[in-house]
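Right, one structure below, let's go through it.
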Amino acid sequence: MKPTKFLVGLAAISMTVASPAAEFEITGATAFRKATLLSIRAAFDSIPSNSYSFGHDLAAGLWADSNRAIFVGTFPGLPGTTVIRCSFNGSVEGIRAIADTPASDPTYYKQSVLTIAAAVGGAEQAAISTAAANLEAKESEIAFSDVNKSITPYAASPMTGGSVGVVVFSMLASESSNITNITTQQFSSLLSNGVVPKRFFTGVASDTKGVYLTGRNDGSGTRSSYLSEMGYGVSTPVNQYLTIGSTTTDIKAIQLVPAGGTNDVDPVTAGVQLPPGSDIATFDADQTGAYTQVTQLTTSASTVWGSDIDGNGGAFSGSGLRGDMGKVSPSVTVFDAAGAISESNVPIELVTWLSLNDAVSARTAGAKLCAFNGVSLAVDGPGNTMNATDIAKVTEGAYTAWNFQQMYRRTTADANTISLYNTIKNAIPTHLGNAGIALSSMHVGRSGDGGTINP
């Protein structure tokens, strides 16, 4: 907990609660962000007629899926006004934030960005800009992780916590793909090579279309989960591609992720063949045409294990990947890390591994959920949730694409931080949805991430 003073714009939030406010920062895994945000808001709502405010980075009503959020008001069990700020950017990033402060502190919304007056049941301020002027780096008290800290470079760093549920993942193929099953061997080959011919999955000699790997950077627990599940090694470099040009429905260009994350492709000098009726201006990310170039980001670099090399980077959030997986790719220009063309205007497919929440969102847009080692999840329960058969496949051991979700806090946390930690931890099983499964439902376990599953 960090006492703080209200900044300009917060004075109107609550005139009945005394200052100073108690401030808490929560970071880490994106897989349980929805369960976390739902748990936080449910705690505010548990106080009768409680007035509070909250804001986030998505459109109105989508707050439970936001990567950045801020809540201000009276929180059960805590004195005065409570400020809770969330910044979800990856499991290993969250562990690093606790272990390596201030060098690796994530950025949170400044309190001054929340200007809406409090209301009973919560007043929502949507689509708050994530421009640098609205953000500040801060020490984090709590971090979620899809993986145990023991498989990160911060295994020896002091922090306290434990499992709060099981996070479920899914193999995913891009829209229009007919790949239905992906094995450990096939995915391991993709990790090494970055691209394999489709016949590798179908067994049909004429399937020569390239299937490309896309995925997360090494600050992601999702990435650590698929590397450990494959037995590949969480620190072993991979070869991954990211989309750099697309329409709302079509992927038009992909690139092997460059070292440092950035090596923007110039469509003029690279000779990209634009879609019919397009011009160079509509390809430019600075313009507003239908065909946009996505600028590579430094956040795509993989820096946790000291292997910032070509191909080893990846997306810093699952939300971007799930959008790409829901697009078709019949005519794509493929670039190498240096920005040179590897292939021009060829049909491709993408394969990745995402948390089940992100995978189901991608499926809604057209992506295909794939079986893993021959075991599939239908996810056709009410509201696109796991049905009873799906859940049993996880809880009884048939489906192995899962990890224990960890919730860590600083060992030096004060009583108020521990109270907040326990309130959220106890509420999470009620709000899991597709994020995962409650520990109490599991009839199997595993010794660690990627470890053998035993009854």
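Tabulated data for the structure shown
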item: Largest-first ordering by accessible area, 1.4 Å probe, given options T299, T180, T243, T248; result: T248, T180, T299, T243
item: Relative counts (whole %) of C-alpha pair distances in segment 290-409, using bins that are 10 Å wide; result: 10, 31, 34, 20, 5
item: Dipole of the chain, positive end: most advanced residue of T262, N50, N357 [Cβ charges, Cα centre]; result: N50
item: Long-range HN-HN contacts of N67 with modeled amide H, under 5 Å; result: D57
item: Theoretical gain in end-to-end length, S206 to T430 [0.36 nm per residue, Cα-Cα removed]; result: 75.8 nm
item: Heavy-atom SASA rank of E141, E136 (probe 1.4 Å, accessible area, largest first); result: E136, E141
item: Cα-based shape type of segment 306-367, given that a ≥ b ≥ c are square roots of the gyration tensor eigenvalues and the cut on a/c is 1.5; result: oblate
item: Charge tally in the Cβ shell below 14 Å around V238, where Lys, Arg are +1 and Asp, Glu are -1, V238 excluded; result: -2
item: Given charges at beta-carbon only (K, R positive; D, E negative), |dipole| of the chain in Debye; result: 920
item: Part-to-part distance (alpha-carbon centres) for segment 189-238 and segment 385-455, which is given in Å; result: 26
item: Positive-end extreme of charge dipole, the chain - chosen from N178, P79, Y109 (charges on Cβ); result: P79
item: For segment 30-42, 3J(HN,Hα) per residue [Karplus equation, 6.51 cos²θ - 1.76 cosθ + 1.60, θ = phi - 60°, Hz, x = Gly/Pro]; result: 7, 4, 9, 4, 5, 4, 5, 5, 5, 5, 5, 5, 4
item: Cα centre as origin, Lys/Arg/Asp/Glu Cβ charges: segment 303-455 dipole, Debye; result: 520
item: Neighbour net charge for A371 - beta-carbon separation under 15 angstrom, K R +1, D E -1; result: 0
item: Karplus (6.51, -1.76, 1.60) ³J(HN,Hα), θ = phi - 60°, over segment 106-122, in Hz, Gly and Pro reported as x; result: x, 9, 10, 4, 5, 4, 5, 6, 8, 10, 6, 6, 5, 8, 4, x, x
item: Mean projection area, nm², convex hull over Cα of the chain; result: 21.3
item: Accessible area in the full protein assembly, largest first, 1.4 Å probe, for W305, W63, W402; result: W305, W63, W402
item: Residue-count net charge about A127 - beta-carbon cut-off 14 Å; Lys, Arg +1, Asp, Glu -1; result: -2
item: Per-pair calculated FRET efficiency, R0 = 45 Å: S176 and S447 via Cβ, rounded to 0.05; result: 0.70
item: Relative contact order computed over segment 155-261 (Cα-Cα under 8 Å; 6+ residues apart), in percent; result: 18
item: Solvent-accessible area of K393 with every protein chain in place, 1.4 Å probe, in Å² to the nearest 10; result: 60
item: Amide hydrogen neighbours beyond the local backbone of G194, cut-off 5 Å, H modeled; result: N239
item: Residues with amide H under 5 Å from that of E343, placed H, sequence gap 5 or more; result: V334
item: Charge dipole (the chain, unit charges on Cβ, about Cα centre) - positive-most of V375, Q240, L321; result: V375
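The values are calculated or read from the model by the stated rules, or taken from the named source; none is laboratory data. A quick note: this is a predicted structure, and the numbers were derived from the prediction, not measured. Quick reminder, even Gly has a Cβ in these numbers, built from the backbone with ideal geometry, and neighbours come from all protein chains shown. With ligands, DNA and RNA removed, areas are computed over all heavy atoms of the protein, side chains included. Shrake-Rupley method; radii C 1.70, N 1.55, O 1.52, S 1.80 Å.
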